[in-house]
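Below is one structure, written out as structure tokens, with a few remarks after it.
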Amino acid sequence: MVAVLVLAAALAVAQKTSPARADSDWWKNAVIYEIYPRSFGDTNGDGVGDLNGITAHLDYLRDLGVDAIWIAPFYPSPQVDFGYDISDYLAIDPQYGTMADFDKLVAEAGKRRMRVIIDLVLNHTSDRHAWFRESRASRANPKADWFVWRDGKPDGQPPNNWLSIFGHSAWQLDAARRQFYYHAFYKEQPDLNWRNPDVRKAMYDTMRVWMKRGVAGFRLDAVTSLFEDPQVRDESARPGRNAYGDANVSREYTDNLPEVHDVLREMRQVTNEFPGRILIGETYLPNIEELAKMYGQANDETQMPMDMQFAMHGNFSAAVFRKKLREAETQLNGNMPLIVTDNHDNRRSVDRFGDGTHNQEIARLVATLLLTPRATALLYYGQELGMANNDPKRVEDVRDPIGKAGWPKEKGRDGERTPMQWDGTANAGFTKGRAPWLAVGADHAERNVASELRDRKSLLNYYKTLIRLRRENAALRDGLVKIVDENNANVLSFLRQKDGMTVLVALNFSAQAQTVRYDLGGAKKLKTLVSSFEAGEAASADGLVLPGFGAYVGAMQ
Ligand code: NOJ
């Protein structure tokens, strides 16, 4: 297929070079790398990753080009939800190490010019947290109103039809109080009552403690779940059943209530007390308009709500991503999008978008999609290797409780949480001790850091090249996005333009080779900057030939 497109002029218009980026803006266009601490590196041989296991691999992350790491929860926890059930916000779970280990990690990261972002689980605590123990003890104690308590119905049934995101009623009867408490997630994760100012103050003080210890910011877990309808009205019915067998309901009274924005504004004030600290929202939202609100009307909420709409889906087509890219560029009021393709809660993108035959080509295309728009990029450990989901084969092997409850429809999240693949040895270099807490992926002999570092054409080296390029190339780093060849069904093409420089990105979403022809508007040729294939002479004004799922980035000269 041949498409002809006309590029906007403007190439010759030299703009003033922007001043060096202020340090407080370090997060703009940054690469943030998510680490699931149980699965990254185990230094004490217990089969579970630890903080020292992260510190041990900081050189690797620096060489990859990472600006900041986000570490999923490492606080003391009964580990029902693998750390998202926190029993003490101000300490380290012994299985992950000590506070001294944490300080060392922050210091060592700093020496390598990397920042540390931590996970703030603010919607709920563990049911073992002292706050909840006190709250559940009676209806009249200082913490009685710190959680969301309601009487049941006269017949003893829960107060309403609200469902936990992890299945079944969101209400749990407490024998001592003879009341129900609300839990958006597991019953071991009671929701805090964010209408109570003491709760807010406790959490804001927690943030201050960690910022004083040197963290660069917070990833706000489940932040859209903070508030529920005070009248506890029933949610409306929706067709079908969820994986756990419950009749579906909407989430109009439990998700994304307007009060969330009050809290985000307050939190922004708190982080503003410490220069350069940021808030990243875990923001699953139905559309770009709701996402835009998370930045705040006066840019006074989160710096970067995660754009889960961009790529956390299974629709792999040029048209879908063109629309997402346009929305991110035009409807976020010039704010920095945070593109996420992978995390510890969703199937890895290589499987979600992969067709089973071209998965590794598709992984390169996803890498290019993640790292070439005007956006901060979130990279999930192992994504840079092409690590695949390694789902449990038998229910008895499942560790994630939702996988046990929902089997076989919902297999849980173990598959995307398997150990980081450092080398081709039996435990993939993750642990020298006994068996890792989750079996290492079957693909580790082939896909691992050691072998990919050696292979010039590996996905890892492709990521490294792309990350370096976007740091060095001002157009790719800061340039505006201009979508071109709008009607091409197979190839998404866009330009990044800055200071008279133009970079073209072309992504073939089909398995067939595609030829795209560009009118270079005065420029004579394309100089290949990075491509997922041997571009050679193919990159010229006369036509760019993209192999199936090929990704191309070139400068116009
Ligand atoms: C979102 C986290 O990413 C997920 O892993 C967790 O289970 C829920 N929030 C509850 O904290």
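The values are calculated or read from the model by the stated rules, or taken from the named source; none is laboratory data. Given the structure is predicted, the values throughout are model-derived calculations rather than measurements. All Cβ positions, glycine included, derive from the backbone under ideal geometry; neighbour counts span all protein chains shown.
Looking only at region 377-384, decide whether some residue is more than 22 Å from ARG38 (Cβ to Cβ) and surrounded by 24 or more Cβ atoms within 10 Å (Cβ to Cβ). Checked against the condition, which is being more than 22 Å from ARG38 (Cβ to Cβ) and surrounded by 24 or more Cβ atoms within 10 Å (Cβ to Cβ), region 377-384 yields at least one hit. Across region 2-56, the number of residues qualifying as modelled with pLDDT under 50 and on the phi > 0 side of the Ramachandran plot comes to 1. Of all the listed residues (GLU289, GLU301), the sole one being surrounded by fewer than 20 Cβ atoms within 10 Å (Cβ to Cβ), touching a residue at least 40 places away in the same chain (Cβ under 8 Å) and at negative phi is GLU289.
Scanning region 306-353 for residues that are of a type in the set (Asp, Glu) and closer than 21 Å to ASN390 by Cβ returns ASP342, ASP345, ASP351.
Restrict the check to region 62-75 and report whether at least one residue is within 16 Å of the ligand (Cβ to nearest atom), more than 25 Å from ILE35 (Cα to Cα) and crowded, with 18+ Cβ neighbours inside 10 Å. No: region 62-75 contains no residue that is within 16 Å of the ligand (Cβ to nearest atom), more than 25 Å from ILE35 (Cα to Cα) and crowded, with 18+ Cβ neighbours inside 10 Å.
From the list PHE549, PHE509, PHE494, exactly one residue is on the phi > 0 side of the Ramachandran plot, touching a helix residue (DSSP H, G or I) at 6+ places or on another chain (Cβ under 7 Å) and not acidic (Asp, Glu). Which is it?
Exactly one residue qualifies, and that residue is PHE549.
For every residue, the table says whether it meets (1) over 19 Å from TYR381 (Cα atoms); (2) in contact with a Gly (Cβ under 7 Å, 6 or more places away or on another chain).
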site: ALA439; (1), (2): no, no
site: LYS464; (1), (2): no, yes
site: ILE467; (1), (2): no, yes
site: ASN473; (1), (2): yes, no
site: LYS482; (1), (2): yes, no
site: ASN487; (1), (2): yes, no
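When you look at ILE86, is it buried (at least 23 other Cβ atoms within 10 Å of the Cβ) and either modelled with pLDDT of 95 or more or within 13 Å of the ligand (Cβ to nearest atom) (or both), yes or no? Considered against the rule, which asks whether it is buried (at least 23 other Cβ atoms within 10 Å of the Cβ) and either modelled with pLDDT of 95 or more or within 13 Å of the ligand (Cβ to nearest atom) (or both), ILE86 comes out as yes. Within region 162-202, the residues that satisfy the criterion of being of a type in the set (Asp, Glu) and within 16 Å of the ligand (Cβ to nearest atom) are GLU188, ASP191. Taking each residue of region 113-125 that is in a strand (DSSP E or B) and looking for partners that are near the ligand (Cβ under 8 Å from one of its atoms) with beta-carbon atoms closer than 6 Å, six or more apart or interchain, yields ASP119/ALA72; ASP119/ASP221; VAL121/TYR84; VAL121/ASP221; HIS124/GLN189. When restricted to residues that are within 16 Å of the ligand (Cβ to nearest atom) and farther than 22 Å from PRO76 by Cβ, region 144-161 contains 1. Confirm whether SER451 is among the small types (Gly, Ala, Ser) and either buried (at least 20 other Cβ atoms within 10 Å of the Cβ) or part of a strand (DSSP E or B) (or both). No; evaluated as a whole, the condition is false for this residue. Among all positions in region 105-116, there is no residue which is under 18 Å from ASP81 (Cα atoms), aliphatic (A, V, I, L, M), modelled with pLDDT of 95 or more and within 23 Å of the chain's Cα centre (by Cα).
Only one of the numbered conditions (1) free of Cβ contacts under 8 Å to residues at least 60 places away in the same chain; (2) closer than 27 Å to LEU192 by Cβ; (3) within 23 Å of the chain's Cα centre (by Cα) is not met by GLN95, and that is (3). The strands (runs of 3 or more DSSP E) found entirely in region 203-305 that carry 2 or more residues being within 16 Å of the ligand (Cβ to nearest atom) and among the charged types (D, E, K, R) are 217-221. Scanning region 145-170 for residues that are surrounded by fewer than 18 Cβ atoms within 10 Å (Cβ to Cβ) and farther than 27 Å from ASP400 by Cβ yields ASP145, ARG150, ASP151, GLY152, LYS153, PRO154, ASP155, GLY156, GLN157. The lone criterion from (1) assigned to a loop (DSSP other than H, G, I, E, B); (2) more than 16 Å from the ligand (Cβ to nearest atom); (3) touching a Phe, Trp or Tyr at 6+ places or on another chain (Cβ under 8 Å) left unmet by PHE102 is number (1).
Region 323-436 holds helices (runs of 4 or more DSSP H) entirely within its bounds, and those carrying 3 or more residues that are within 16 Å of the ligand (Cβ to nearest atom) map to 401-406.
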